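> Sending over a structure as structure tokens; questions will come in a sec.
No value in this document is a laboratory result; all are computed from the given coordinates. Bear in mind the structure is a predicted one, so any value in this text is a computation, not a measurement. Because the Cβ atoms are built from the backbone with ideal geometry, glycine has one as well, and the counts that use them run over all protein chains shown.
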Amino acid sequence: MSTAGQFKRAQGARGHFFWGSLPDFKNDPIAFFEKTVHDYGDACRLRFGPVCAHLFNHPEYAEEILSKQAENFDKKTRSVERIRATCGDSLLSANTQAWQRHRKLIQPIFQPKNVMALKRKIDQIIEPTLDQWLIKSRCGEPINIVDEMMKLVITISAQIMFSASVASSKIEAALEIIIEDTWRRLEAPLDASMISPIFHKPAFKKAVAQIDQIVFDIIAERKSNKDTNDDLLSLLLRAHEDDGELGLSDQELRDAAVTLLLAGHETTANALSWAFYNLAQARENNVECANMEWVFAETIRLYPSIWILERRAKWRTEIGGFEVPKGSSVLISPYLMHRHPAFWLDPLAFQPSRFDPENMKNRPRNAYLPFGLGAHRCIGLNMAKTIALCVLERAEERFKLTLLPNQKINVKPSITLRHSGPILMCISD
Ligand code: HEM
């Protein structure tokens, strides 16, 4: 281990002379990170082309980066910059001032009391989906749980955000295009839209125009009538009343709504698909799975939707005595941390009973961070848990889902932790 100034320099693979570790990362990011921490420990220095990166894999380092020393890092990362075309300046923005204003106004909306009030709405949407599963299964048609969760969560999200007052199928169709194209651009190394917004795909531009039109129309309608809705948009519209501060402008409301839909959709849908997959496997292996809260918690331990968190060092700093140069990308992987053998017993086994409060006493703080940590901690975590519990509990009450045989499901790490293909299930008697 060499030293840089008074700090140590973390070690890591040198990789290709020009590309560094980029080819290994592109080939299989999770395998590459697993090998890196195995070979070099919990603090590793890497190079991706010209970009210096540090991977930290210890709860104390995570707390330093995301909480204690958060002012030394920002979110001016490639993905955050690219998301701006869809979300504007809101909660996913690298613009600190815009983020702070949105966080202050939006955070109170997600308090448990408001989220619980939406539970009835969520339950009503789930039942027809479960009815359809029953019909499909009776006709011998498999249920592709990945597609089903994507569709169900988008319907739930659109309803929670805007209520049934608008043509929800129109919203859902436009949202689907926006979400898909945003993810595609985030994953593409180069995209013409980076040069100018005129190069965005026509379908994306059309969908954005549609959503804007719908959202602005609803805002205008709600402002002109006495607004008695209990959906998120109405809560956002009223977000300034308590402290007399200026509320969100129409553009800010639109940006906040799209941000929440984008941030909440695929994360929740993927987590739910993994939950159904785990439940079915656990049942085959006689693992105790009665408590759905623990099932969900254990699912996002093994399969955290946001599998990697990224920050950028604003200036030269240190983490755990390791030098982090100015501009270095800093990575923390909930996926690796949740499977770290130093903090989890039998880390690869699916055991919901880990989340029995009795069994949680000896776990180190911050070894579990599926919703992140510090000021940027997931604002929608209560919402995500409520949606997930409603879906899992309703489904479990109605029937048991089993996996069709001979399926090999692997993780496919993208911006979120996806599945390598469809997960086909059927209803067992
Ligand atoms: C299982 C589902 C979910 C998981 C695992 C998840 C995970 C996360 C994580 C790890 C972060 C922190 C990112 C960082 O520090 O860079 C985050 C932030 C965020 N999440 Fe979630 N999330 C989920 C669902 C939701 C839902 C349902 C919503 C909206 C209703 C939402 C909205 C957001 C927003 C807006 C942020 C940015 C917060 C900020 O920077 O202030 N998420 N989420």
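> Considering only segment 316-413, give the strands (runs of 3 or more DSSP E) lying wholly within it that have at least 3 residues that are small (Gly, Ala, Ser) and away from the ligand (no atom under 11 Å from the Cβ).
Filter on segment 316-413 gives an empty set.
> For VAL295, all conditions in the list (1) without any contact (Cβ under 8 Å) to a residue 60 or more places away in the chain; (2) within 14 Å of the ligand (Cβ to nearest atom) hold save one; what is the number of the exception?
Checking VAL295 against (1) without any contact (Cβ under 8 Å) to a residue 60 or more places away in the chain; (2) within 14 Å of the ligand (Cβ to nearest atom), the one that fails is (1).
> Kindly indicate whether SER137 is within 11 Å of the ligand (Cβ to nearest atom) and either in a helix (DSSP H, G or I) or more than 30 Å from HIS340 (Cα to Cα) (or both).
Considered against the rule, which asks whether it is within 11 Å of the ligand (Cβ to nearest atom) and either in a helix (DSSP H, G or I) or more than 30 Å from HIS340 (Cα to Cα) (or both), SER137 comes out as no.
> Something else now. Report, by residue number, each residue of segment 93-136 that is closer than 20 Å to ARG312 by Cβ and touching a Phe, Trp or Tyr at 6+ places or on another chain (Cβ under 8 Å).
SER93, the sole residue that qualifies.
> Could I ask something else about it? For ARG312, are the conditions met, namely being surrounded by fewer than 23 Cβ atoms within 10 Å (Cβ to Cβ), in a strand (DSSP E or B) and of a type in the set (Lys, Arg)?
So ARG312 fits the description; yes.
> Let me ask you something else. Any residue at all in segment 64-73 that's closer than 22 Å to ILE195 by Cα and in contact (Cβ under 8 Å) with a residue 12 or more places away in the chain?
Checked segment 64-73: no residue is closer than 22 Å to ILE195 by Cα and in contact (Cβ under 8 Å) with a residue 12 or more places away in the chain.
> Can I ask one more? Mind listing just one residue for me: the one in segment 56-104 that is of a type in the set (A, V, I, L, M) and under 30 Å from LYS206 (Cβ atoms) and, of those, nearest to the chain's Cα centre (by Cα)?
So, considering only residues that are of a type in the set (A, V, I, L, M) and under 30 Å from LYS206 (Cβ atoms), the one nearest to the chain's Cα centre (by Cα) is LEU92.
> Which members of segment 286-343 meet the condition of being among the hydroxyl-bearing types (Ser, Thr, Tyr) and either more than 25 Å from THR416 (Cα to Cα) or under 21 Å from the mean Cα position of the chain (by Cα) (or both)?
Within segment 286-343, THR299, TYR303, SER305, THR317, SER329, SER333, TYR335 meet the criteria.
> While we're looking at this one, here's another question. Closer than 20 Å to ASN382 by Cβ, in a loop (DSSP other than H, G, I, E, B) and touching a residue at least 40 places away in the same chain (Cβ under 8 Å), is that true of ALA271?
no
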